1. Restrict the check to segment 150-162 and report whether at least one residue is under 25 Å from E222 (Cα atoms), of a type outside the set (A, V, I, L, M, F, W, C) and at pLDDT below 95.
2. Having 3 or more residues that are under 14 Å from the mean Cα position of the chain (by Cα) and over 17 Å from G30 (Cα atoms) is the bar; report the helices (runs of 4 or more DSSP H) wholly within segment 69-182 that clear it.
3. Answer yes or no: is there a residue in segment 83-99 that is in contact with a Lys or Arg (Cβ under 7 Å, 6 or more places away or on another chain), of a type outside the set (K, R) and either at pLDDT 90 or above or more than 20 Å from F168 (Cβ to Cβ) (or both).
4. State all residues of segment 61-76 that are farther than 18 Å from L43 by Cα and of a type in the set (A, V, I, L, M); if no residue qualifies, say none.
5. For segment 122-154, enumerate the residues that are more than 22 Å from A94 (Cα to Cα) and buried (at least 17 other Cβ atoms within 10 Å of the Cβ).
6. Got at least one residue in segment 19-39 being at pLDDT 80 or above, farther than 24 Å from F133 by Cβ and either under 23 Å from the mean Cα position of the chain (by Cα) or surrounded by fewer than 17 Cβ atoms within 10 Å (Cβ to Cβ) (or both)?
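The values are calculated or read from the model by the stated rules, or taken from the named source; none is laboratory data. Nothing here was measured: the structure is a model prediction, and the numbers come from that model. We place every Cβ from the backbone using ideal geometry, glycine too, and count neighbours over all the protein chains shown.
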Amino acid sequence: MTALASLRPIADSTLRGQTVDRLRDLIVSGQVGAGVRLTETHLAKALGISRGPLREAIRELVDIGLLVSQPYKGIFVRSVTRRDIEEVYSLRTALEQFAFKQCWAKRTPEALANLRARHRALTKVIDSQSDPFGAIERELELHGWCYEVSGHTLLQKSWTRLRPNLQFYFVMHQQAHGRLGPRREAHDVYIDRACGDDLEAMLAHLEDHMQQGLKTTITFIEAME
């Protein structure tokens, strides 16, 4: 038997991945509202796919917390409560502060130039006022910088897992404030501190930055309930 004869076929995960992306985008963009029940039959027909990759995609979205599986009831888009928001942001604050502690000594001129470039990309999409989901993606890329530079594998995995929940939150944040994306100047101090020499000032700013708009969003969510 040759080595090639012992190889197993490569599983085609592309369709599953595309399904995950499509459903995730519908959820975090608010096109499918919180608490909505999803059925496999309807989804498979609407997406033009079989139930196999659809079920795999649903399992992945349940795992990352965007969908909820209720026994004997079905699959639902997650609802968001005040406690959910407070937990996400307390965890995010702790993770991002830790990320900056890890990356602080690794901020090369090239890395800082990349951070500034991400800020410019965010500002550009904010100025366009035409792509609210793009603004969310650019904002997450900006905040993802410190995780990437940290070189901390488990921390990076934690950020990847948290990110879809933050997308979901940012949609509500936009709705609560009645605008497409963050304020244009919202990250000016963040960038200044991240490129500066005072780690403690950066950590203190992160605490304040994460709280900006949180009260308004919680009020918005409670009004919806």
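1. Within segment 150-162, not a single residue is under 25 Å from E222 (Cα atoms), of a type outside the set (A, V, I, L, M, F, W, C) and at pLDDT below 95.
2. The qualifying helices (runs of 4 or more DSSP H) are 82-103, 132-150, 153-177.
3. Looking only at segment 83-99, we keep the residues that are in contact with a Lys or Arg (Cβ under 7 Å, 6 or more places away or on another chain), and these are none.
No, the conditions are met nowhere in segment 83-99.
4. Scanning segment 61-76 gives a single hit, I64.
5. Hits for segment 122-154 are L122, T123, V125, I126, P132, F133, G134, A135.
6. Within segment 19-39, one or more residues are at pLDDT 80 or above, farther than 24 Å from F133 by Cβ and either under 23 Å from the mean Cα position of the chain (by Cα) or surrounded by fewer than 17 Cβ atoms within 10 Å (Cβ to Cβ) (or both).
To keep it simple, each residue is scored yes or no on (1) touching a Leu at 6+ places or on another chain (Cβ under 7 Å); (2) within 27 Å of K157 (Cα to Cα); (3) not small (G, A, S); (4) not assigned by TED's automatic domain parsing to the domain that holds D131.
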position: Q18; (1), (2), (3), (4): no, yes, yes, yes
position: R24; (1), (2), (3), (4): yes, yes, yes, yes
position: G35; (1), (2), (3), (4): no, no, no, yes
position: T39; (1), (2), (3), (4): no, no, yes, yes
position: G52; (1), (2), (3), (4): no, yes, no, yes
position: E56; (1), (2), (3), (4): no, yes, yes, yes
position: G65; (1), (2), (3), (4): no, yes, no, yes
